[in-house]
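Input: a single structure, listed below in structure tokens.
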Amino acid sequence: MSFLRLLNWQGIAGLAVAFTLLVMLSVQKLEAVHWKKQSESFERLYQQEQAAFATTVANARAAAQQARAADQANAARVAADQGAITERTMNDFEARLAAARADAQRLRIHPEGSADSRAGRSASVPGIPGAARGAAQATGQDRLPPEDALTATEQAIQLDELIKWVRRQASVDNNPKAVASPPGD
């Protein structure tokens, strides 16, 4: 107490103010440390969020690239399948057309021998009598001329092969499940 007797009321007030300022400085320092830690925590969270965003963007770009590659592979597969179908159909069409033309040529050269040529192949079947042939020829008068008959046959073959081609083309799966829904979905 002797120390307090040396101080007057102004000295005591000065000590109180100094003590108050010291407490306030200590509190300020503690708060600065606290908010610095909070700031570092928020900065880490922000960096983690940015890294997650960058990963998401990279994954989306990789998935888009993978989808483009799968689409290109699928388009190439479909084009190859459709090309093979077209080639097969063209070969069938040309073979059938050649056979029809050969048959028409054979019938032009031997019109009366065409029925006898079948009978000659099988000895057990007797030939058609002459009277029956005359009746068959009379009913054949409503038929097309040979040139028109060949044209009609060619067009029928063409339409038949076109129908087959369309059905085969339609059967090509241009959107398989592996492309439509990538694995992992």
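The values are calculated or read from the model by the stated rules, or taken from the named source; none is laboratory data. The shown structure was predicted, so the numbers you read here are calculated from the model rather than taken from an experiment. Please note: Cβ atoms are built from the backbone with ideal geometry, for glycine as well, and neighbour counts cover all protein chains shown. Surface accessibility is based on the protein's heavy atoms, side chains included, excluding ligands, DNA and RNA. Shrake-Rupley method; radii C 1.70, N 1.55, O 1.52, S 1.80 Å.
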* To do: Would you tell me the accessible area of residue 71, worked out with a 1.4 angstrom probe on the heavy atoms of the protein chains, in Å² to the nearest 10?
  => 90 Å²
* Structure fact -> If the chain between residue 142 and residue 87 were fully extended at 0.36 nm per residue, the gain over the current Cα-Cα distance would be 16.0 nm
* Structure fact -> If R0 = 35 Å, then residue 110 and residue 172, at their Cβ-Cβ distance, give a FRET efficiency to the nearest 0.05 of 0.20
* To do: Treating the Cα atoms of the stretch 20-94 as identical point scatterers in vacuum, please give the log10 of the normalised Debye intensity I(q)/I(0) at q = 0.11, 0.22, 0.25 Å⁻¹, two decimals.
  => -0.63, -0.96, -1.03
* Selection from 93, 15, 69, by position along the positive dipole direction of the stretch 1-102 (Cβ) -> 15
* Asked: Taking θ as phi - 60°, what are the ³J(HN,Hα) couplings along the stretch 56-61 by the Karplus curve (6.51, -1.76, 1.60), each to the nearest whole Hz, with x for Gly and Pro?
  -> 4, 4, 4, 5, 5, 5
* To do: Count the net charge of all other residues whose Cβ sits under 15 Å from the Cβ of residue 36, scoring Lys and Arg as +1 and Asp and Glu as -1.
  => 0
* Structure fact -> Heavy-atom accessible area of residue 88, protein chains in place, probe 1.4 angstrom, given in Å² to nearest 10, is 120 Å²
* **lysines with Cα under 19 Å of residue 29, excluding same-chain neighbours fewer than 8 positions away** => 37
* Structure fact -> Heavy-atom accessible area of residue 26, protein chains in place, probe 1.4 angstrom, given in Å² to nearest 10, is 60 Å²
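Report the gain in length on full extension from residue 79 to residue 47: 0.36 nm times residue separation, minus Cα-Cα distance, nm rounded to one decimal.
That pair, residue 79 and residue 47, stretches by 6.8 nm at full extension.
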* **Cβ-derived FRET efficiency at R0 35 Å, residue 32 paired with residue 59, nearest 0.05** => 0.30
* To do: Once you have the Cα-Cα distance between residue 162 and residue 20, take 0.36 nm times their residue separation minus that, and quote the gain in nm to one decimal.
  => 40.9 nm
